[in-house]
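Here the structure comes first, spelled out in structure tokens, and everything after it is commentary.
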Amino acid sequence: MLVLTSGSAAAQAPASTEDNIDELVAANHVLAKLKVLDAFGHVTIRHPANPQRYLMARSIAPALVREEDIIELDLDSNAIDARGRAPSIERFIHGEIYKARPDVKAIVHSHSPTIIPFSVSKTPLRPISHVAGFLAPAVPVYDPRSTVGPSNLLISSRELGKALAEALGQNTVALIRGHGNAVVATSAGLATYRAYYTEVSAQLLLQTRLLDGPITFLDAEEAARINDLRQTGYVRQWEQWKRELDGSK
């Protein structure tokens, strides 16, 4: 995976905690509107003032998230300021990835429907489109059975969250068998962009596999160049999505 450069990430990072929370709320609403998040998905950001903590909405449908729903948690996923608000049962996805990946500043966990077939088959999710360079070099699949045996497939403990983070490694996206995915980035906006285009990429690859092959995938250099460009290039799409939210109010 292309190493994220601190300059491009910093250029797009909101300055204050309040601005970061605004971006987090917007990411919830955008991904719900795009139908990437259902009522059970979630988005988080690493706390801008304390990298040992992160911010996440209470257990609530993403489309309904407001500023007052945001909870601060430590990297063991203990709520710091719950004030009676119930945290998400799958918060361990986020805490353990933040713990393992200091470069990650935002995470989306979705049940994006078209990626599910890639989590239960032998066909890997690979990039074919210029918007999907971040899928290289690989999209690993994590199976909770390898950690705890049969389960409800939810990542509802630190043990499972740590195993998922290990499966993700230094990649950008990991699939969870029969469940969904986790997408990481350096900002809420970029995480939203990547979560959306993970779903789009899965749709495109399924369509392409219906046509005559062989399929031409992005090569490593193309993926790296695309990923570098989109470190800041995603902003045009992100700003449009946020403006569309404003227009719908």
**Request:** Towards the positive end of the charge dipole of segment 10-109, with charges on Cβ (+1 Lys, Arg; -1 Asp, Glu), say which of 80, 64, 52 has the farthest Cα.
**Result:** 64
**Item:** Over segment 74-218, relative contact order from alpha-carbon pairs under 8 Å, at least 6 apart, %
**Value:** 33 percent
**Request:** Note down the magnitude of the dipole of the chain about its Cα centre, charges +1 on Lys and Arg C-beta and -1 on Asp and Glu C-beta and zero elsewhere, to the nearest 20 debye.
**Result:** 380 debye
**Asked** For the chain, treating each Cα as an identical point scatterer without solvent, what Debye log10 I(q)/I(0) comes out at q = 0.07, 0.08 1/Å?
**Response** -0.21, -0.27
**Among 104, 117, 232 the positive-end extreme of the charge dipole of the chain (Cβ point charges)** = 117
**Asked** Normalised by the residues of the chain, what does the relative contact order come to in percent, with Cα pairs under 8 Å and at least six apart?
**Response** 23 percent
**Asked** Rounded to the nearest 500, what is the chain's calculated 222 nm mean residue ellipticity when only DSSP H runs of at least 4 contribute -39500 (n - 2.57) each, over all residues?
**Response** -12000 deg cm²/dmol
**Prompt:** For the chain, what is the accessible area per residue in Å² when the probe is 1.4 Å?
**Reply:** 46 Å²
**Message:** Quick check on packing: order 52-63, 26-37, 221-232 by the mean number of other C-beta atoms within 10 Å, highest mean leading.
**Reply:** 26-37, 52-63, 221-232
**Asked** Using unit Cβ charges (K, R positive; D, E negative) and no other charged atoms, how large, in debye to the nearest 20, is the dipole of segment 59-118 about its Cα centre?
**Response** 140 debye
**Portion, in percent, of the accessible area of segment 18-166 that falls on carbon or sulfur, probe 1.4 Å** = 54 percent
**Prompt:** What is the mean projected area of the alpha carbon convex hull for segment 66-156, to one decimal in square nanometres?
**Reply:** 8.3 nm²
**Message:** Can you sort 92, 40 by solvent-accessible area, 1.4 Å probe, largest first?
**Reply:** 40, 92
**Message:** How high is the relative contact order of segment 87-143? Use alpha-carbon pairs under 8 Å, at least six apart in sequence, and give a whole percent.
**Reply:** 19 percent
**Asked** What FRET efficiency do you get for residue 209 and residue 35 if R0 is 22 Å and r is their Cβ-Cβ distance, rounded to the nearest 0.05?
**Response** 0.45
**Request:** Any chance you could check the Cα centroid distance between segment 168-199 and segment 28-82 for me, in angstrom?
**Result:** 15 Å
**Request:** Determine the dipole magnitude for segment 152-228: charges of +1 sit on the beta-carbon of Lys and Arg, -1 on that of Asp and Glu, nothing else is charged, the reference point is the Cα centre, and the result goes in debye to the nearest 20.
**Result:** 340 debye
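The values are calculated or read from the model by the stated rules, or taken from the named source; none is laboratory data. Keep in mind the model is a prediction, meaning the values are calculated, not measured. Neighbour counts are summed over all protein chains in view; Cβ atoms, including those assigned to glycine, are modelled from backbone coordinates with ideal geometry. All accessible areas refer to the heavy atoms of the entire protein, side chains included, with ligands and DNA or RNA removed. Shrake-Rupley method; radii C 1.70, N 1.55, O 1.52, S 1.80 Å.
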